[in-house]
Amino acid sequence: MKKPVVALVGRPNVGKSTIFNRLVGKKIAIIEDTPGVTRDRVYGSVTFKDYHFHLIDTGGIDLGNDAFNEEIKMQAEIAIEEADVVVFVVDAKEGLTSNDLVVRDMLMKANKKVVVAMNKMDSKESREHLYDFYELGFEDYINVSGEQNEGIYDLLEQITRDFPKIEEEYDENILKFCVIGRPNVGKSSLVNAIVGENKVIVSDVAGTTRDAIDTPFTYHGQECVVIDTAGMRKRGKVYENIEKYSLLRSLKAIDRSDVCVIVINAEEGIIEHDKHIAGYALEAGKAVVIAVNKWDVIEDKDEAMKKWKNDIRAHFQFMTYAPIVFLSAKTTKRIHTLMPEVLRVYENSKREIKTNVLNDVITDAYALNLPPTYKGKRLKIYFSTQVGIKPPTFHIQVNSKGLIHFSYERYLENKLRESFDFEGTPIVLQFKNKGEEEL
C-alpha cells in the first residue's frame, strides 16, 4: 500500500508541533515556546476513518539571519516536494506576517493542494486577524486550536477529502521486502546482488520519481518483490542533503513491505541514524533482518563477527529478535545467506498458534512467575487468543490491565519466543479487561 504524505509547514512558533501531536495522537514533536525548536522534520503516521497517511512536521521558515534558516528552508522544500497535501499553519493570534508571505510564495511555486490551518483561534485577538489570511490566495481555510484540540476533526476531513482509496499493489501471497538504511551503505548494490544471484527477473518495474523501485523475481518457487529505496533521479540543490531525504523514502518502502532488510555499513560501524530507521520498521510491525554489508573489507572475520553481533545487540536492544547476516554485495560473498533469513522471518510473521497451545504456554508462564501485587491486587490472566498476523498479535484477557507492568509484559513475550519460533518478527500483546469488547 502507498500512503499519502502530508506536510505541516509555516513560520516558527505558530504551533505546528502541537497540531502534529494532535493529529498523530501522541507526543513526538518537541514543543517549546521558542521559535525554531523543531529544526528538522519529524515523522508520524495518522489514521483517520479509512485513511492512513504519513505526516511530516517541518522546522519553522524564518527570514532572520540564524545559521540554521537555510537548512530549515531546504528541509521544508523537501517535505513540500514529497507531500500530496500541505497544511500551511499560521498564527491567528498574531496575524499575517512577512514570513507567512515567504512560505506562501514557496507553496505557490510547488503547485500542491494547500490547506491553511489558522491556529490559536481560541484567543480573542484571533478574531481581529481572521480575514487577513484570505489574502494568501488559497482555497481551503480551517479554524483550529491545537492547544485546545478544536477543529482537528475538520482539518482531517479537509486533508483526506480527495485521497483515493488505497488498494493492494500485489497479491497477498507475494513476499514484499525492502532494503533500507542510510545513504551509501550499499542498498542498490545489494538489490542487484540478490536479483542477479537468482537470475529469474520477471520484470523491472520503476515507480514514479517519488517512489521506490520495485523488482519482482522468484526465489525457490516463492514470488518476491524487492523494493529499493536508494534510487535518486531528481536533481537540484534540494536533494543535495540525501541523509535527510532518505528517511521518507524508507518510511514509504517500509509501509509497502512484509520484511525489512536493514543494511549497515561494515566500514563505518553503527550510527544513530541506523537505529532510527530500524525503529520505524519496529513501529510499523514489520519482520526484519539486519544485514552487515561490505564484509569483504573486514580482516579477521571470525573475531570481527563476534564483536559485530555483540555491538548490534547492544545498540539494537529493542530488536534482539532480529537475525544478523554478514555479506558483501560488491563481491557477492555470503549473499546466499540473506534470502533464507528473509523467507524465514516472513513465515514467522505469519505464524498462527492454536488457542489451546497458546493458553497452556501463558498459563504455565503465569504459574512459574506470579506478577507482584499492587495495592493489594494481583494481575490475573483468564484467557489468551491470537487475533492477527504480520505481526503476530495476541489478545490476553485479564482482571485489570492497569496491573500490567512493562517488565511482566516483556516476560510473557520472552516466554512466547521460547515456545514458538518468532525470530525476526515483533509480536504484539494486547491486554483487555474481562468483559471488554473484543478487538
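What the table shows:
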quantity: Residue match in region 84-96 (condition: in contact with a Ser or Thr (Cβ under 9 Å, 6 or more places away or on another chain), under 30 Å from SER257 (Cα atoms) and modelled with pLDDT under 85); calculated: no
quantity: LYS380 vs. criteria loosely packed, with under 13 Cβ neighbours inside 10 Å and charged (D, E, K, R); calculated: no
quantity: Residue check for ASP57: of a type in the set (Asp, Glu), on the phi < 0 side of the Ramachandran plot, open to solvent by less than 10 Å² (accessible area, probe 1.4 Å) and at pLDDT 80 or above; calculated: yes
quantity: Single unsatisfied condition, LEU370 versus (1) part of a loop (DSSP other than H, G, I, E, B); (2) open to solvent by less than 80 Å² (accessible area, probe 1.4 Å); (3) more than 30 Å from GLU172 (Cβ to Cβ); calculated: (2)
quantity: Given (1) under 24 Å from LYS252 (Cβ atoms); (2) modelled with pLDDT under 90, index of the condition THR160 fails; calculated: (2)
quantity: Selected residue (criterion: modelled with the highest pLDDT) from residues of region 198-213 that are farther than 23 Å from LYS294 by Cα and in a strand (DSSP E or B); calculated: VAL205
quantity: Evaluation of LYS120 against (1) charged (D, E, K, R); (2) closer than 15 Å to THR18 by Cα; (3) free of Cβ contacts under 8 Å to residues at least 60 places away in the same chain (one fails), failing number; calculated: (3)
quantity: Yes/no for GLN397 being of a type in the set (S, T, N, Q), within 26 Å of the chain's Cα centre (by Cα) and closer than 27 Å to ASN348 by Cβ; calculated: no
quantity: Among (1) small (Gly, Ala, Ser); (2) open to solvent by 20 Å² or more (accessible area, probe 1.4 Å); (3) at pLDDT below 85, the one test that ALA110 misses; calculated: (3)
quantity: Residue list for region 313-329, restricted to those being aromatic (Phe, Trp, Tyr) and open to solvent by 10 Å² or more (accessible area, probe 1.4 Å); calculated: PHE318, TYR321
quantity: Residue tally, condition touching a helix residue (DSSP H, G or I) at 6+ places or on another chain (Cβ under 9 Å) and either in a strand (DSSP E or B) or under 21 Å from VAL5 (Cβ atoms) (or both), over region 114-142; calculated: 10
quantity: Candidate set from region 180-197 (those that are open to solvent by 30 Å² or more (accessible area, probe 1.4 Å) and either farther than 20 Å from ASP258 by Cα or touching a Ser or Thr at 6+ places or on another chain (Cβ under 6 Å) (or both)); member that is modelled with the lowest pLDDT; calculated: GLU197
quantity: Which listed residue is modelled with pLDDT of 95 or more and more than 17 Å from GLU423 (Cα to Cα), from ILE298, ILE290, ILE362; calculated: ILE362
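The values are calculated or read from the model by the stated rules, or taken from the named source; none is laboratory data. All of these numbers come straight from a predicted model, not from anything done at the bench. Methodologically, a virtual Cβ is constructed for each residue, glycine included, from the backbone with ideal geometry; neighbour enumeration extends over all protein chains shown. The accessibility values were calculated without ligands, DNA or RNA, using every heavy atom of the protein model including side chains. Shrake-Rupley method; radii C 1.70, N 1.55, O 1.52, S 1.80 Å.
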